[in-house]
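Contents: one structure, followed by commentary.
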Amino acid sequence: MQTAPVILGTLTAPPYAAITCDASKAGMLQWTGTNFQACDGTTWTVFAGATAASANPFSFIDQTGVSFGKTIISNTILLAGFSGQVFASCNTGCTGIYRNGSFIGMSGYFWPGDTIGIQLTSASTGTTATTATVTVGTTTSGVWTVTTGPAADACAGTPSAGTVCANGTIYVGVSPDGFADKMYAAPCDIGMSWNGLSCTGGRISNSWNNAISNDPIATGFTSTFAGRANTAGLAALNNASSPYQAATACHNLTVAGHSDWYLPAIQELVMVQTNISHNGTANGFDGWYYWSSTEGNSTYSASFVNMSNGQTTADSKSYARNVRCVRR
């Protein structure tokens with residue numbers, strides 16, 4: 001442990017800690033011109049009794065339309081309202097701090113007149129916000145929000161039904177509800193993963209409700225075309241059958257840069273079978289039964305499609321069926 005020397009009056013301007021603090025300097029003190037610092041064997045720390053400080057309130061400028069999964073750097077803020085040296089550290093979402101334009105890691109010391117900036121990693125999906133804050137002394141910045149831009153159309157133009165897009169999604173065709181929206185199917189069934197070439201892993205069969213036999217609850221989501229609305233409604237329900245497994249699996253899915261997937265309504269699912277499943281085995285389908293988001297005429301049943309022949313049937317909500325999600 002060092003008992004000397006105490007370095008006085010030699011560090012009155014950046015970079016302050018010109019003498020490296022390491023194990024050989026543990027116990028050394030230095031005077032910066034404003035306060036004492038002690039070397040703990042790794043870093044210089046403001047000595048107990050030094051000026052405690054709080055920076056003026058500050059916020060960074062929110063950013064929108066940024067790229068997916070990228071390091072995004074904030075604008076810089078001139079720090080003021082305190083004297084002496086203060087410690088700054090990243091909070092949740094923050095992945096690094098900049099002092100006077102230079103990256104210093106997840107924490108570091110600042111003096112009045114220094115500038116501070118922070119960074120974060122943008123979301124991996126479109127139109128999704130990520131937030132971060134930093135604390136300087138006892139002052140925490142306003143919440144900095146960075147939002148990704150909309151996901152690009154991976155099948156721009158007028159592709160043929162069955163085209164596998166650049167992100168692995170499959171172009172189904174124009175929606176059958178009269179709105180002429182381009183509709184896409186997820187690369188794989190629920191439970192499987194797209195590796196860039198094919199689906200891997202095992203598909204997971206889901207019940208339409210929560211595997212409760214003879215469930216008498218009528219959800220009211222009987223639309224044969226509006227799968228997106230059906231799914232949102234089922235995912236939001238909270239009753240004896242919640243969660244509605246098949247719809248919730250799609251509602252919670254994030255894949256191929258998108259998080260707006262839904263369980264297709266029965267007529268949308270018929271189009272999936274006709275245009276991209278064909279005989280039931282194309283594009284990763286297995287020729288078995290797939291749930292739609294359309295409740296059947298009976299409160300006990302929901303509609304599904306046989307992918308091998310396109311036949312539509314309604315059966316018990318508790319039965320396990322495959323799930324393939326779609327989006328527009």
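Rule-based calculations on the coordinates, nothing more; no lab input. None of the values given here were measured: they were computed from a predicted structure. Ideal geometry is used to build each Cβ from the backbone, glycine not excepted, and the neighbour counts take in all protein chains shown.
Using Cα-Cα distances under 8 Å and only pairs 6 or more residues apart, what relative contact order does the stretch 169-250 have, in percent? Write out the running numbers ahead of the final one.
On the way: 97 pairs, mean separation 18.8, N = 82.
23 percent.
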Exercise. Once you put a point 7 Å from the Cα of residue 62 and another 7 Å from the Cα of residue 195, both along the Cβ direction, what distance in nm separates them?
Worked result: 4.2
Exercise. Taking 0.36 nm per intervening residue step and subtracting the Cα-Cα distance, what contour gain separates residue 103 from residue 19 on full extension?
Worked result: 28.3 nm
Seminar exercise, completed: As a Kirkwood estimate from alpha-carbon pairs, the stretch 232-276 has a hydrodynamic radius in angstrom of 11.7
Exercise. So how compact is the stretch 226-328: Cα radius of gyration and Dmax in angstrom?
Worked result: 12.9, 37
Problem set entry | Kirkwood Rh, Cα atoms: Rg over Rh of the chain | 1.22
Seminar exercise, completed: Expressed in nanometres to one decimal, the distance between label points 7 Å along Cα→Cβ at residue 131 and residue 73 is 2.5
Problem set entry | Per-q log10 I(q)/I(0), the stretch 206-258, q = 0.30 Å⁻¹ (Debye; single scatterer per alpha-carbon; no solvent) | -1.28
For this session: Enumerate the amide H contacts of residue 173 below 5 Å, restricted to partners 5 or more residues apart or on another chain; note that Pro and chain-start residues carry no placed amide H.
Result: 183
For this session: Please tell me the relative contact order of the stretch 279-323 in percent, rounded to the nearest whole number, where contacts are Cα pairs under 8 Å and at least six residues apart.
Result: 36
Exercise. Roughly speaking, what is the stretch gain from residue 282 to residue 140, that is 0.36 nm per residue apart minus the C-alpha to C-alpha distance, in nm to one decimal?
Worked result: 45.7 nm
For this session: Give the angle, between 0 and 90 degrees and rounded to the nearest 10, that separates the Cα long axis of helix 227-236 from the longest principal axis of the Cα atoms of the chain.
Result: 60
Seminar exercise, completed: Per the Cα gyration tensor, the stretch 101-200 corresponds to an equivalent ellipsoid with semi-axes, largest first in Å, of 44, 16, 12
Problem set entry | Neighbour cut-off at most 16 other Cβ (10 Å), DSSP loop, chymotrypsin sites (Phe, Trp or Tyr not before Pro), the stretch 137-213 | 179
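How high is the relative contact order of the chain, in percent, counting Cα pairs under 8 Å that sit 6 or more residues apart? Mind dumping the intermediate values first?
Details: 830 pairs, mean separation 40.9, N = 328.
The value is 12 percent.
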For this session: Enter the Cα centre distance for the pair the stretch 281-328 and the stretch 182-216, rounded to the nearest angstrom.
Result: 11
